[in-house]
Amino acid sequence: MSDDHGHHGTIAPFLFCVASAVMFIGLVMATAGGEDNAGDTGYWFIFFFGLAGMLTGFMMWVQDYWNQTSEEGEEIEVYHEFWGTVTTRKFGMWIFLLTEVMVFSTLLSAYLRYRAAVPDYDSNLAECIGIDPCWVPAADVIRSHLIFGVINTFALLLSSLTVVLALYAAKNNNPKATTRYLMATFVLGAIFLILKLWEWGEMKNGHFWSDHCDPLKQDIAHHCIAPKYEHGFWLDTSLEGSTFYITTGTHGAHVFVGLIALLYLIAKANKDGYNEKYHDTIELFGLYWHYVDLVWVFVFPFFYLY
Amino acid sequence: MSEENNSGHEHDEHHEHSFPAWVTFGNIENPIDGFLKVFLWLVFWTLLEVGAILQEFAFVITMIILFGIAIIKCWFICSFFMHMTWDPPLVNRTAAVPAFFMAVLFLAVGLTTPGAVDDLATICGF
């Protein structure tokens, strides 16, 4: 790398990742560690230590890139034609997405595995009353609130479009439009999370369960789903709840991380930080955001429709 | 920036303007129009997805419809929003690795009957 190049790399991402790992190890041990798996409060220190390291790494990372005005990593393009115009940062992002796909593949295949193994509730209703092995799809629980899932789907699809438009605005040296499109993406992502949290609250508190429900009759239109969810549908209620909340929660966490990244992008775009020559970061964020959209493309039908 | 890099970017920019005609219902001048059409395609497939599930088809038909539409939407997002159509082969081949992993998990674990995963030899056709 030549001396006049704008950026010389940073240790911040490495620190961020190691500290994140420490934080999660601390969290798991503090809540579920110990001999009886009831949690060991001593590990909260590890959790907060990791959290502090993660925030430090994050701030270092932001600081390193805040004043950057030129592309980096371009030198890799001349190594071999196979690399085309892929920069190290872009290739690194793809490797990151590669690992992310594996995370969600595991969650979704585990869910499909359960669905294939356990008979559905509505296929043999009478035998399922009071028996755990019958599967009540989250889709049936949500069916009366399906419109919010559909709105969320359109919000994410539209936000994918606004990210693309932000990138093109930056390429056309239009910082105001770039900021506006990034803000639109943020608003759409926030709508997604707000609706998701509201939906979770409704399901957790059993608001889909009407006072007039007949336990022997599944009547989705009138909020009568299954007796075992009379008092709510939550993470520890059943296997259906575990798979639903862990998968949608993991996805929601990715949206939340995206919103934090968007705040940085909006702030930098607002000070004319992206232009024809420097828009790499928006493109890389776009890859991440499209991936989040992509996951929802699979989560939505399997948890909300079927 | 080197001369090679300049030519590379020009090549990239040129290809960013090309969408298949069937996606955009004809030739387009502005790539933004192309992305808008891709978005409309995604909306169309989503509506079809929701409409299909309200028909209450059999399990197999439902799974085929949901998987099929999800894969189609996935293709639209990857190809155009994620620029894979215009990216060099390295990106596509990198993306193929997790796609393969996902397919194996779905087919060998997700959609098998209980006990089947204990018999990998049968799954692999030995």
note = Applied in sequence order to region A:106-112, the curve 6.51 cos²θ - 1.76 cosθ + 1.60 (Karplus, θ = phi - 60°) yields integer Hz couplings, x standing for Gly and Pro, of 5, 5, 5, 5, 4, 4, 4
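Could you calculate the FRET efficiency of A:Trp66 with A:Ala177 from 1/(1 + (r/R0)^6), where r is the beta carbon distance between them and R0 is 25 Å, rounded to 0.05?
Here the calculated transfer efficiency is 0.70.
Determine the shielding of peptide B:71-84 by partner chains: average, over its residues, the number of Cβ atoms on other chains within 10 angstrom of each Cβ. Each step should come with its number before you reach the end.
Numbers: counts 2, 1, 9, 5, 0, 3, 7, 3, 0, 3, 12, 12, 7, 2.
For peptide B:71-84, the averaged partner shielding equals 5.
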note = Phi-derived 3J(HN,Hα) across region B:92-107 with the Karplus relation (6.51, -1.76, 1.60, θ = phi - 60°), rounded Hz, x for Gly and Pro, is 4, 6, 5, 5, 5, 4, x, 4, 5, 4, 5, 4, 4, 4, 5, 7
message = Given points 7 Å out from each Cα along the Cα-Cβ axis, report the A:Ile246 to A:Glu276 separation in nanometres with one decimal.
response = 5.2 nm
request  = Send over the Kirkwood Rh of region A:254-302, from the inverse of the averaged 1/r over different Cα pairs, rounded to one decimal Å.
outcome  = 11.9 Å
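How much FRET efficiency would the formula 1/(1 + (r/R0)^6) give for B:Ala58 and A:Leu239, where r is the Cβ-Cβ distance and R0 is 30 Å, rounded to 0.05? Intermediate values should be presented prior to the final figure.
Details: r = 24 Å, r/R0 = 0.80.
According to the calculation, E is roughly 0.80.
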key: Fewest-first ranking of B:Val104, A:Val141, using other Cβ atoms within 10 Å as the exposure measure   = B:Val104, A:Val141
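Determine the shielding of peptide A:199-205 by partner chains: average, over its residues, the number of Cβ atoms on other chains within 10 angstrom of each Cβ. Display every interim value, and only then the final one.
Working: counts 0, 0, 0, 0, 0, 0, 0.
Mean shielding count: 0.
Output the pairs from A:Lys90/A:Lys171; A:Lys268/B:Lys37; A:Lys171/A:Lys196; A:Lys176/A:Lys268; A:Lys90/A:Lys268 with a Cα-Cα distance over 23 Å in this structure; if there are none, say none. Each step should come with its number before you reach the end.
On the way: A:Lys90/A:Lys171 17 Å; A:Lys268/B:Lys37 29 Å; A:Lys171/A:Lys196 33 Å; A:Lys176/A:Lys268 11 Å; A:Lys90/A:Lys268 20 Å.
Beyond 23 Å between Cα atoms: A:Lys268/B:Lys37; A:Lys171/A:Lys196.
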ask   = Counting only residues 5 or more places away or on other chains, whose amide H sits under 5 Å from the amide H of A:Trp135 once H atoms are built in the peptide plane?
value = A:Asp120, A:Tyr121
request  = Kindly provide log₁₀ I(q)/I(0) values, in the same order as q = 0.14 Å⁻¹, from the Debye equation applied to equal alpha-carbon scatterers of region A:9-66.
outcome  = -0.41
query = If you count, for every residue in A:164-171, the Cβ atoms of partner chains within 10 Å of its Cβ, what is the mean?
reply = 3
query = Along the charge dipole of region A:239-301, Cβ charges K/R +1 and D/E -1, which of A:Thr250, A:Leu284, A:Ala267 sits furthest on the positive end?
reply = A:Ala267
ask   = Tell me, what ³J(HN,Hα) does each residue in region A:283-288 have, in order and in whole Hz, if you take phi through Karplus 6.51 cos²θ - 1.76 cosθ + 1.60 with θ = phi - 60° and put x for Gly and Pro?
value = 5, 5, 4, x, 4, 5
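If we count other beta carbons within 10 Å of each Cβ, what is the order of A:His251, A:His207, fewest first?
A:His207, A:His251
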query = Taking 0.36 nm per residue of separation and subtracting the Cα-Cα distance, what length does fully extending A:Asp120 through A:Val187 add?
reply = 20.4 nm
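Each value in this text was obtained by applying a stated rule to the coordinates, not by laboratory testing. As the structure is a computational prediction, the values presented were derived from the model and not from experiment. FYI the Cβ positions are ideal-geometry reconstructions off the backbone, even for glycines, and counts take in every protein chain you see.
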